[in-house]
Amino acid sequence: MSPVPDPQELLRSLTDLRRAVAAEGRGIWRGWNIRGRRRFRISALNFAHYLALRRRDLSRMQTDLMPYGLSSLGRLEGRVLGNLDAVIGALTAITGSTPRNYPRPRAFFRGERLLRANTEELFGAVPEGARNARIMVTLPSEAAADAGLLAALLRNGTDVVRINCAHDGPEAWGRMIANLRAAEAETGRKARILADLGGPKVRTGEVRAPEDRGRVFPGDEILLAGGSLASPDGYPYQAACEPAAIPGRLRVGDPVFIDDGKLSGTVERFDEAGAVVRVLRAGPKGYRLKPEKGLNFPSTDLGLLALTDEDRRSLDFIVGQVDMVGYSFVQSGADVRLLQEEFARRRPEDWTRIGLIAKIETPVAVRNLPEIIVQAASRQPFGVMIARGDLAVEIGFERLAEMQEEILWLCEAAHVPVIWATQVLESLVRKGLPTRGDMTDAAMSARAECVMLNKGPYVADAVSALDRLLTRMAGNQTKKTPKLRALRSW
């Protein structure tokens with residue numbers, strides 16, 4: 001059994017850590033040269049301290065603090081230096097050293113207040129004593145004609161509605177907004193509006209397969225054509241790639257995923273028609289190639305701009321109609337600046353009032369998340385969506401749970417609200433009955449500031465169930481911190 005660590009040595013180590021993190025974090029913060037929102041300048045300094053802290057391996061120190069009842073470093077995201085000061089103060093008392101003042105409670109919990117204010121700015125307030133997380137619902141095309149659907153969603157607890165600009169068009173979006181306003185008047189409840197830009201569409205176009213063997217299996221080859229399909233003699237299975245330039249950017253060995261990872265393979269070679277992909281996984285019954293299915297190339301720089309011409313046309317309508325804009329395929333701070341310039345061109349007087357939601361769906365976006373946060377949050381209301389569909393395919397399903405935790409931690413350190421998205425309560429939304437895994441995932445989503453449900457025939461029932469679940473979870477836990485209410489289950 002390991003001996004209890006020496007408290008004096010722990011105190012010295014922690015004091016040295018605090019000094020180094022304070023200096024390094026302030027250097028990072030100064031390098032950002034933040035202009036604009038004063039509230040974010042405060043949050044950005046804590047964020048910089050967190051980045052400096054998490055570059056270090058603290059696992060041994062965390063374990064050594066536990067026998068003294070001082071394991072709170074694992075919950076310091078929103079208040080890095082304050083938490084270090086509190087632990088140093090406790091160790092000082094334990095060792096009998098010169099007394100050190102603890103942080104004042106108001107200063108200690110300032111991060112929670114800032115995150116709460118940023119959340120309300122984006123998503124609106126919730127009734128006192130209710131759940132902490134908001135509920136967002138993606139509107140189906142039918143919402144343009146059915147005001148009753150909007151009323152049912154609001155009555156059951158919807159706080160934000162999402163318009164997917166990859167579908168329908170300005171006329172339909174306008175009717176959805178009009179129906180929302182009518183539902184608000186009918187129910188007495190308000191909802192914010194998020195318009196989600198479509199972004200670059202990387203997908204299959206025309207496909208070809210033999211008539212007598214329509215499904216692809218592991219070991220088969222698929223020609224991923226950069227333009228027109230080739231003669232079927234050499235390649236029985238073919239799919240055109242849109243945009244057509246992408247096959248030319250691939251390299252031998254690059255992974256390729258089709259239809260949210262239902263089929264996966266690697267680039268084996270090239271010919272004049274495109275890239276030849278060797279299928280590695282296609283499911284026990286094989287996979288039937290279809291047009292309009294998403295393509296993912298996690299190891300490839302696709303050279304695509306996050307903001308497309310179609311997105312710019314969508315902005316012409318939505319910047320004056322909605323509360324927030326969702327940014328698909330955002331990969332860097334430069335991408336954020338590009339969209340902010342479009343906002344400023346269309347609403348020069350008050351574009352900084354528009355909320356911006358960065359959808360994190362690629363490994364590049366994860367690596368660049370700090371610069372994305374700083375560029376966006378320093379100028380306007382800002383939140384992050386964990387777009388778990390594409391993200392799971394891009395980084396691997398096994399790493400998704402780990403990565404969504406890291407995104408939650410980084411955003412909490414910057415006091416940035418998070419949307420937990422993709423397939424929440426999916427079985428309930430689509431079939432009317434949730435799975436056990438659905439309910440567990442939805443319970444975990446309570447650590448985010450907003451939870452998104454997709455469209456489906458039972459979505460109003462799913463909103464009601466999620467409202468009850470999030471309310472119960474709010475009594476048990478805030479972010480990573482258990483509330484330790486009395487347990488009365490036995």
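The values are calculated or read from the model by the stated rules, or taken from the named source; none is laboratory data. Since this is a predicted model, take the numbers as computed values, not measurements. In this analysis, Cβ positions are derived from the backbone assuming ideal geometry, glycine residues included, and neighbour counts consider all displayed protein chains. Heavy atoms of the whole protein, side chains included, go into the accessibility calculation; ligands, DNA and RNA do not. Shrake-Rupley method; radii C 1.70, N 1.55, O 1.52, S 1.80 Å.
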Worksheet, complete the sentence: Here D for the stretch 1-125, in µm²/s, from Stokes-Einstein with a Kirkwood Rh over Cα pairs at 4 °C and 1.567 mPa s, works out to 82 µm²/s
Item to complete: Which order do the peptides 67-79, 22-34 take when ranked by the mean count of other beta-carbon atoms within 10 Å per residue, highest first?
Response: 67-79, 22-34
Worksheet item: For the stretch 429-477, what Kirkwood radius comes out of the mean inverse Cα-Cα distance, in Å?
Response: 11.1 Å
Worksheet, complete the sentence: Hydrodynamic calc, the stretch 324-432: Kirkwood Rh from Cα pairs, then Stokes-Einstein at 37 °C with viscosity 0.692 mPa s, so D in µm² s⁻¹ is 227 µm²/s
Worksheet, complete the sentence: The pairs in K262/K455; K262/K480; K190/K293; K285/K479 lying past 31 Å Cα-Cα in this model are K262/K480; K190/K293; K285/K479
Item to complete: Take the stretch 103-166, compute every pairwise Cα distance, and split them into 5 Å bins from 0; I just need the percent in each bin.
Response: 3, 14, 20, 18, 15, 11, 7, 5, 4, 2, 1, 0
Discussion item. How charged is the neighbourhood of A387? Take every other residue with its Cβ under 11 Å from the Cβ of A387, and add Lys/Arg as +1 and Asp/Glu as -1.
Written reply: -2
Worksheet item: When only alpha-carbon atoms count, how far does the chain stretch along each of its three principal axes, as whole angstroms with the largest first?
Response: 84, 57, 56
Item to complete: Give me the number: length gained by fully extending N476 to A401, i.e. 0.36 nm times residue separation minus the C-alpha to C-alpha distance, one decimal in nm.
Response: 24.9 nm
Worksheet item: Fully extended, how many nm does the chain gain between D316 and A182 (0.36 nm per residue separation, minus their Cα-Cα distance)?
Response: 45.9 nm
Worksheet, complete the sentence: Taking N as the residue count of the stretch 283-369, its alpha carbon Rg divided by 2.2 N^0.38 Å gives 1.35
Worksheet item: By the scheme Lys and Arg +1, Asp and Glu -1, what is the net charge of all other residues having a beta-carbon under 11 Å from that of D196?
Response: +1
Worksheet item: For the chain, which whole percent of the accessible surface, found with a 1.4 angstrom probe, sits on carbon and sulfur atoms?
Response: 50 percent
Response to the item:
Taking every alpha carbon pair in the stretch 398-490 and sorting the distances into 10 angstrom bins from 0 up to the bin holding the longest one, the percent per bin comes out as 15, 44, 32, 9
Practice prompt. Give me the orientation-averaged projected area of the Cα convex hull of the stretch 120-265, in nm², one decimal.
Written response: 13.5 nm²
Worksheet, complete the sentence: Filtering the chain for DSSP H helices with an axial alpha carbon extent of at least 15 Å and a Kyte-Doolittle mean of at least 0.5 returns 80-95, 459-474
Worksheet entry | Mean ellipticity per residue at 222 nm, deg cm²/dmol - from DSSP H runs of n ≥ 4 across the chain, formula -39500 (n - 2.57) | -13000 deg cm²/dmol
Item to complete: Provide, in order from the shortest bin, the percent of all Cα-Cα pairs of the stretch 158-219 in each 5 Å bin, continuing until the bin that contains the maximum pair distance.
Response: 4, 12, 17, 14, 10, 8, 7, 8, 8, 6, 4, 1
